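Just so it is clear, none of the values below were taken in a lab; they were calculated from the coordinates. Computed from a prediction, not measured in an experiment: that's the story for all the values here. When we count neighbours, we look across all protein chains shown, and the Cβ atoms used for this are built from the backbone with ideal geometry, even at glycine.
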Amino acid sequence: MTSASAVTLPAEATELYQDVLRAMNEHRIPYAVAGAFALQKYTGIWRMTKDLDLFVKASDVPAALEHLCNQGFRCETLDPVWLSKAHRGEYFVDLISGMSNATIVVDDSWLKRTQPAVIAGVQSQIISAEDLIASKLFVLRRERFDGAEIAHIIYRTKGQLQWGRIMELAGEHWEIVLFALVLFRYVYPAHTDYVPADLWQDLLSRYMHLVQHPEPNAPFRGSLVDDNIFSIDMKDWGLEDLLTKSRRRELQKSPGCTPSLGVIRKSGA
C-alpha cells in the first residue's frame, strides 16, 4: 500500500534497518539505499515495507553477508547474479548487485553518485534518482511492474534529471527507456516537456530508423523482459534465450567472489 502521508515503521523494522546500516557504515562497505526509502525521497510516496533495499557491488556482497551473519542475521543468496538477503524475524534486507537479467550491474559509479540521507535515524547514503530509474527499467514482469514508479519519479522531479546518466546505464537497451517515457507521456500528457525535447527527438529518430530498416537476424529479447511470460517462445518455438547468456556472462566476470545459490550462511533470531 502506498500513501502521500508519512507511515510509522514498526519498532522491529526500525531496529533491523538501524543495525544493518550501522554495520555497513562501521565496516566501510559502500552501499546505496533504494526501495521504499528512495521512492519517498524523490516522489513523496510512502510505502510500508518489510525490507530494506541496499545496492552494493557484487564483490562486496560476501563481506556484507559475513558481517551481518556475525550479528545474528540469517543470511542467504537467492540468486548469485543479483540478490542476497539477511533476515531477522519477519523483516529483512535485500543486498542487490544488479538487475536479475544482468543487463544493468551496480559498479563504483552508482556508489559515487549517492546522496547523504538519514534512514531510520542512521546517517546513510541513498541512491541517485537517475540510478533508481535505471534499476526499475526492467521490472516489467507480470507480478510486478515498476513503470508507474518511473513515471512518478519523473513527474515529481519535474524531469530535473541527468538524462545522460539514464541513457548510459540503459546502453543498448535504450528502447526500454523509450517505453517508459511513452508511458509517462500517456499518463501525464500536460507534462511532456519534463522530458527534454532533444531526448524525445533522439529516441524517436532511432526508433523510426529501426522500424524503417528492420534487422532480419535481430535476436528475440523476450526473456530479458520476463522469462516466464515468454517461455513458450523459447521452449516451443525455438527462439533464442538471451537471458541465460546474459546471466552466464555476468557470473563469469567474477567467479568465486559471489556466494553460491541458496546457501544459508548462519541462523539468527
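The H on the amide N of D79, modeled in the peptide plane, is under 5 Å from the matching H of G262, each at least 5 residues off or on a different chain. The Cα center of the stretch 47-75 and the Cα center of the stretch 177-234 differ in position by 34 Å.
Indicate the gyration tensor shape class of the stretch 101-167 (rounded, prolate or oblate), computed on the Cα atoms with a ≥ b ≥ c the square roots of the eigenvalues: a/c under 1.5 is rounded; otherwise a/b larger than b/c is prolate and the rest oblate. Each step should come with its number before you reach the end.
Working: a/c = 1.44, a/b = 1.35, b/c = 1.06.
Note, shape of the stretch 101-167 comes out rounded.
If I model a spin label at L183 and R248 as a point 7 Å from the Cα along the Cα→Cβ vector, what separation in nanometres do I get? Between L183 and R248, the simple spin-label model gives 3.0 nm. Shown in residue order for the stretch 130-136 are the 3J(HN,Hα) couplings computed by the Karplus curve 6.51 cos²θ - 1.76 cosθ + 1.60 at θ = phi - 60°: 5, 5, 5, 4, 4, 5, 9 Hz (x for Gly and Pro).
Mean-square fluctuations from a GNM of the chain, with a 10 angstrom spring cutoff on Cα atoms, peak among W237, W82, W110 at W237.
Here the 3J(HN,Hα) profile of the stretch 227-239, calculated from phi with Karplus coefficients 6.51, -1.76 and 1.60 at θ = phi - 60°, is 6, 7, 4, 9, 5, 4, 4, 8, 6, 9, 10, x, 7 Hz, Gly and Pro shown as x. Each residue, I232 and Q212, gets one label point 7 Å from its Cα in the Cβ direction; the gap between the two is 3.5 nm. Looking at the chain, the DSSP beta bridges with both ends there are about 80 percent antiparallel. 3J(HN,Hα) along the stretch 178-186, derived from phi through the Karplus expression 6.51 cos²θ - 1.76 cosθ + 1.60 where θ = phi - 60°, amounts to 4, 4, 5, 6, 5, 4, 4, 5, 5 Hz, with x in place of Gly and Pro. Between W46 and S3, A4, S5, the built amide H atoms are under 5 Å apart, and every one of these is 5 or more places off in sequence or on another chain. Using only side-chain charges placed at the Cβ, +1 for Lys and Arg and -1 for Asp and Glu, the dipole size of the chain relative to its Cα centre rounds to 380 debye.
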